[in-house]
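Working notes, structure below.
Every read-out reported here was derived from the displayed coordinates using simple, explicitly stated rules and does not represent laboratory data. As the structure is a prediction and not an experimental result, all values here were calculated from the model. Cβ coordinates were reconstructed from backbone atoms using ideal geometry, including for glycine residues, and neighbour counts include every protein chain displayed.
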Amino acid sequence: MFAYKISHSAIPAQTALDLCKTLQPKGDAHWAELNDYYKSSLKQFANHKSVASAADQTLTRLLSAKSPAILNWMKNRNLFDAPEDDVVKAWRIYYAETFALSQYPSGKVDLDVTIETFINSVNNKVFDAKNKKTIQKIFDRSKNRAVQAVQKFRIPPAAQSQILKRIRDIDLYWMKAFATSKFRNRPQDFILWGVAYDPVGNKIQIGVETLNYLMMSEDNLMTAFAHEIGHSFDSCRWGSFYTGDFPFNTVAECLRTSESVGAKKRDDGPLAKYSDKPEFKEVLATLKSNPTCNVKDYPPPGVQADQLPESFADWFAAEVMSLERKLAPSMRADLCVDKTLTDGSSYPANRDRLEKIYLAQPTIRKELHMSSSTTPKYCSVK
Ligand SMILES: [Zn+2]
């Protein structure tokens with residue numbers, strides 16, 4: 001992963017693609033070093049005998065059964081013609097991240113201690129006191145700007161003051177010792193995620209992937225924080241944590257249109273199948289009263305999830321970042337990466353998020369010197 005810095009170009013960028021092309025990958029040495037440390041710790045963990053032997057056995061079993069899952073896994077990584085050694089190496093890493101961690105607490109002392117040691121050592125090194133201070137400062141900047149953005153919105157005062165109170169209360173969640181942390185039941189939330197909003201605690205969890213933003217730029221992390229802050233009052237959370245009507249219906253309707261990001265609605269068609277299952281009664285009630293929420297049990301993979309909460313969080317992050325003087329073009333460089341989304345994903349495509357939400361914000365366009373000939377539709381509060 002790299003930090004992105006703008007190269008001097010005489011032609012103003014017109015689209016997200018143009019903007020992404022002007023960003024030159026250039027690693028930020030400090031964060032890149034920590035990322036290397038993390039990668040080598042992960043490798044070490046994946047090669048630990050209790051993890052590696054289970055991984056190798058699983059691989060042999062899946063290959064001899066010609067499992068479609070493993071063939072697909074190889075295809076996605078171009079491993080069909082790779083030397084066997086490379087396949088084993090890549091599989092061990094994948095197995096370590098995906099399967100070994102999720103077994104915690106496994107009850108097998110050796111495996112549990114290996115997992116604890118791996119996660120604690122990464123946490124202590126990557127998030128030492130100095131790095132925590134840097135990240136906390138970026139978060140504080142994001143939160144202050146978020147407060148300013150909300151103060152500027154012309155929305156009912158009752159809604160505004162509820163949002164402001166909740167935002168001011170948001171803090172970061174740092175892991176101390178893994179075994180007693182809230183990550184103990186979901187170690188992958190620490191290893192495979194960056195920043196993630198937890199509505200129950202009103203906290204933003206910090207995971208290892210936070211490094212990916214930092215390697216690009218501090219503004220990239222600041223924007224990611226603003227997106228998470230947006231989740232504290234998005235269309236899904238509103239019903240559970242606020243009283244009164246959602247004050248951003250105009251924005252929501254606009255984000256649904258194809259001239260904007262075209263946020264897809266949750267597909268409730270398959271819900272009929274669940275209607276006579278008593279164990280689903282509560283989920284059905286939640287889904288009905290929160291039409292833009294995606295919950296653990298619905299929609300299942302392949303069925304369209306609602307894209308409004310993610311689109312709204314991006315929209316809010318754009319509003320927050322538009323208040324920054326001197327905006328880095330890399331402020332959302334992570335979205336320059338083309339990522340294959342799973343069918344029914346709750347996210348619009350990366351390029352659309354960048355183009356139709358962030359780069360639709362008039363002040364951001366001006367700050368980044370985007371040409372005005374192809375301006376996408378901007379969704380405003382009014
Ligand atoms: Zn999000």
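Quick notes on this structure:
- Protection proxy ranking, highest mean first, for peptides 151-159, 309-317, 185-193: 309-317, 185-193, 151-159, where packing is the per-residue count of other beta-carbon atoms within 10 Å, averaged.
- Nearby aspartates and glutamates by direct alpha-carbon distance to LYS108 (threshold 15 angstrom, same-chain neighbours under 8 apart not counted): GLU116
- Gain in span if fully extended, LYS133 to ARG154, counting 0.36 nm per residue against the direct Cα distance: 4.1 nm
- For the chain, the antiparallel share of DSSP beta bridges with both residues in that region comes to about 75%.
- Potential extension, LYS277-ASP112 segment - 0.36 nm per residue separation minus Cα distance: 55.7 nm
- About the centre of its Cα atoms, segment 29-124 shows a dipole size close to 300 debye [charges on the beta carbon of Lys, Arg (+1) and Asp, Glu (-1) only; nearest 20 debye].
- Relative packing of peptides 122-134, 359-371, 70-82, 324-336 - highest average C-beta neighbours within 10 Å first: 324-336, 359-371, 122-134, 70-82
- Given in Å, the Rg to one decimal and the Dmax to the nearest whole number for the Cα atoms of segment 29-124 are 14.5, 45.
- Computed extension gain for SER161 through ASP189, at 0.36 nm per residue and net of the alpha carbon distance, reaches 6.9 nm.
- Anchor LYS339: aspartates and glutamates whose Cα lies under 16 Å away (excluding residues fewer than 8 positions away in-chain): GLU209, GLU310, ASP352, GLU355
- Take 113-119, 293-299 and order them by the average number of nearby Cβ atoms within 10 Å per residue, most first; the result is 113-119, 293-299.
- Gaussian network model of the chain, Cα within-10 Å springs - most flexible of ASP268, ASP343, ASP140: ASP343
- Distance in nm between pseudo-label sites at THR286 and ASP36 (7 Å out along the Cβ direction from Cα): 4.4
- 0 to 90° range, to nearest 10: angle between helix 49-64 axis and the chain longest Cα axis: 90
- Spread over its residues, the convex hull of the C-alpha atoms of segment 171-291 is 167 Å³ per residue.
- Cα long-axis angle, helix 29-46 against the chain (0 to 90 degrees, to the nearest 10): 40
- Cα-based Rg of the chain normalised by 2.2 N^0.38 Å, two decimals: 1.05
- Taking label points 7 Å from Cα along the Cα-to-Cβ direction, LYS326 and ALA177 give a separation of 4.4 nm.
- Using the Cβ-Cβ distance between THR257 and LYS75 with R0 set to 41 Å, the FRET efficiency works out to roughly 0.65.
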